[in-house]
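Below: the structure, in structure tokens.
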Amino acid sequence: MTEGTGHVIDPDGEARRALFDVVAQHGPGALSDATIMDNLCRNRLAALPGESILIVSAARADVPALLRSKIPELGNYGAIQSVAVTLAQASDLDNAASLWVVREFARTLGMIAPGATQATPRIAPGGPAAEAAGAGAGPGAGAGAGVPPPGPGAPPPGTPGAPAGGTGGTEGPPARASSGSRLLTRNTIGVAAAIALVAGYLGVAAAAHLSPFPAQTVAASSSQSPGTGQSTGQGTGQSTGPGTSPSTSPASSPDASPDASPTSDYAILLSKIPASVQGHNNCQLIGTQYGATAVIQCSKLTGGAGVIQYYLYPSTARLTSGVSALFSKAGFHRKQECTTGGEFTDFLANCQSDFHFQTPSMSGTIAEYTNTSHQPLIITTDNQQNVMAVLVGTNPGDVLAYWKQLNWIVR
């Protein structure tokens, strides 16, 4: 998204990834805690002072609570527009900048779709095109976002299950006359915002009448698309899978246009996850990887699988392609069938088989795999619902027994 002066906000998606990360670590309540947001911005977003002030402003105003109060009356998208106007007026922010931060908070809470995830070159002012940092190139690859497969720990960037990197934008040498002949460029904004950050972000900024992006008189877009898909089951657990290094960076990238539909793929995928798995705040949207339109990770589970990652696909062909992509990224090589005498009796590492059940009617593929942390994983599909799931546990036999019960998917 661009601010009213033409400046690109969060061009590489780093702020978006940071918001997903902090919610994964502290829970959704972190978005209403100005202290947590202030620490996040100081540690992760020092290079984005303008975006940092927007994020801290939104936390101080408790944007999540404002959204929840407006959604019943206006719907998700109408609420975003209304809260953005309120925040802009209360904090002396540019309307477009205010809309960006409110939308990102809503996105992180799962109220709207995650958005695009493929990184594109960013044109730096006065310089050649450069690849956006942290571009995700493959399943689970992420720009600064380790998108992990399920389990107690999380894989390093680029391993199966890790969220993809963010999209970049283009940025030319913007300039706009503000209050006379003075030109306000992104560098000028950065310097002013950095001073505000060092002095205590909003305290000094308010006293000096500073803001990350100058206040505008242009009204926010009046077109509203009421939404219905609300976030449920936000989780805080970390993921683990074929990789071993911890990572909690669900990455999605900024978009230049409004989201297409109020009903997100997140909500569709969530409806396929049993209530027993969702539990109380067990599940967290972590982006899109391996060609999936949404990926949800559910952790803190008991039984055979401690963590499950779910991937939603628009077609069986895309599902098959996603499975192949994950296998490739994980370095999985099939050595045998997963059955003995046609039955699934033991966990057999590096096996892969197709399966067909009569009751309930279900078919798909299953692969049993042990990652470098010696965690047993089952990578499986439900071809009828175009869902891939990665189940991670600690005991191989328990993981297989849990898979056979089919309690990991809604039937």
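Provide the gained length on full extension for the span Ala65 to Ser353, in nm with one decimal, where the gain is 0.36 nm per separating residue minus the Cα-Cα distance. The partial results should precede the final answer.
On the way: separation 288, 0.36 × 288 = 103.68 nm, distance 4.77 nm.
Gain on extension, Ala65 to Ser353, equals 98.9 nm.
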Give me the lysines in straight-line cross-link reach of Lys300: C-alpha distance below 30 Å, same-chain residues under 8 apart excluded. Lys272, Lys329, Lys404
If ligands, DNA and RNA are left out, what is the accessible area of Lys404 with a 1.4 Å probe, given in Å² to the nearest 10? 90
Cβ-Cβ FRET estimate between Lys335 and Asp398, R0 fixed at 25 Å, reported to 0.05: 0.65
Cβ-based charge dipole, region 289-353, positive-most Cα from Phe347, Ala330, Gly303: Ala330
Need one value: the accessible area of Leu301 in square angstrom, 1.4 angstrom probe, rounded to the nearest 10. 30
With a 1.4 angstrom probe the carbon and sulfur portion of accessible area for region 358-411, in percent, totals 46
Taking H as built 1.01 Å from N, whose amide H comes closer than 5 Å to the amide H of Asn350, not counting residues under 5 places away? Glu368, Tyr369, Thr370
In debye to the nearest 20, the charge dipole size for region 21-100, taken about the Cα centre with +1 at each Lys and Arg Cβ and -1 at each Asp and Glu Cβ, equals 100
At a probe radius of 1.4 Å, what is the per-residue accessible area of Leu312, in Å² to the nearest 10? 10
What does the charge add up to near Gln25, with Lys and Arg as +1, Asp and Glu as -1, over the other residues with Cβ less than 14 Å from its Cβ? +1
Solvent-accessible area per residue for region 326-411 at a 1.4 Å probe radius, Å²? 46
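Taking 0.36 nm per residue of separation and subtracting the Cα-Cα distance, what length does fully extending His374 through His26 add?
On the way: separation 348, 0.36 × 348 = 125.28 nm, distance 2.76 nm.
Using 0.36 nm per residue and subtracting the Cα-Cα distance, I get 122.5 nm.
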Quick one: check the C-alpha center-to-center distance for region 71-112 versus region 321-345, whole angstrom. 45
Region 36-117 - percent of accessible surface contributed by carbon and sulfur, probe 1.4 Å: 51
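The values are calculated or read from the model by the stated rules, or taken from the named source; none is laboratory data. Note that this is a predicted model, so its numbers are computed, not measured. Ideal geometry is used to build each Cβ from the backbone, glycine not excepted, and the neighbour counts take in all protein chains shown. Heavy atoms of the whole protein, side chains included, go into the accessibility calculation; ligands, DNA and RNA do not. Shrake-Rupley method; radii C 1.70, N 1.55, O 1.52, S 1.80 Å.
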